[in-house]
Amino acid sequence: MSDTLFWEVVLPAWLKQLFAPLLIILAAAAIAALVYFNIVDLKAISLPSSPEFKKFSNDLPTIALAFIFGVLGAFVRLGAGGFWERLRQLAIGGAVGVIVFFILKSEVVPQIMYDNLPTKELQVSYYGMALLAVFGGMYSAELSRWAAGKR
């Protein structure tokens, strides 16, 4: 019983299938109620204007694509298991794809491997990032099992 989650024991079977969609609907309803009762003003929310945040916001579409490519790679090697296990594998694959993007964007690995590279303005190839994100997603299940100690 220690390996089972609380809602797996308490909730009936038909409610277990509706648990995730109900949480999303409840969160959306809570946000709508906060806006309706003027507790939260979504129009007044402003984003920071620092140069680092602008670089990050310019990279958000590429980060989303790296996540999708990581999920695609994890989907190729999707193992057996229930819905939540497969969803976890896909999410870990997407996270590994994003980690690959940040490793490539930080330019640390190329600088370690090659001493004579220019230190400024290294261009990260979109196709290389996509390929490495897919490979990272493909092997994310093995990486997560290794990190958890389950062989």
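The values are calculated or read from the model by the stated rules, or taken from the named source; none is laboratory data. Predicted model only: the values in this text are computed from it and were never measured. FYI the Cβ positions are ideal-geometry reconstructions off the backbone, even for glycines, and counts take in every protein chain you see. Heavy atoms of the whole protein, side chains included, go into the accessibility calculation; ligands, DNA and RNA do not. Shrake-Rupley method; radii C 1.70, N 1.55, O 1.52, S 1.80 Å.
At the residue level, Val109 shows approximately 60 square angstrom of accessible surface with a 1.4 angstrom probe and all protein chains present. Within the assembled protein chains, the solvent-accessible surface assigned to Asp115 is about 140 Å², based on a 1.4 Å probe. What a 1.4 Å probe finds exposed on segment 34-151 is 67% carbon and sulfur by accessible area, rounded to a whole percent.
Heads up, I need the accessible area for Glu85: 1.4 angstrom probe, whole protein in place, Å², nearest 10. Looks like 70 Å² after rounding. Positive-end ranking of Ala74, Ile24, Val98 along the dipole of segment 21-104, with charges on Cβ about the Cα centre, is headed by Ala74.
In percent, rounded to a whole number, the relative contact order of segment 8-132 is 20, using alpha-carbon pairs under 8 Å and six or more apart. P(r) tail, the chain: Cα-Cα pairs separated by more than 20 Å, 67% of all pairs. Couplings 3J(HN,Hα) for segment 65-74, derived from phi with the Karplus relation 6.51 cos²θ - 1.76 cosθ + 1.60 (θ = phi - 60°), are 5, 4, 4, 5, 5, x, 5, 4, x, 5 Hz, where x marks Gly and Pro. In segment 63-151, inverting the average of 1/r over every pair of distinct C-alpha atoms gives 13.5 Å as the Kirkwood radius. Sequence-ordered 3J(HN,Hα) estimates for segment 94-107 from the Karplus curve with 6.51, -1.76 and 1.60 and θ = phi - 60° stand at x, 5, 5, x, 5, 4, 4, 4, 5, 5, 5, 6, 6, 6 Hz, glycine and proline given as x.
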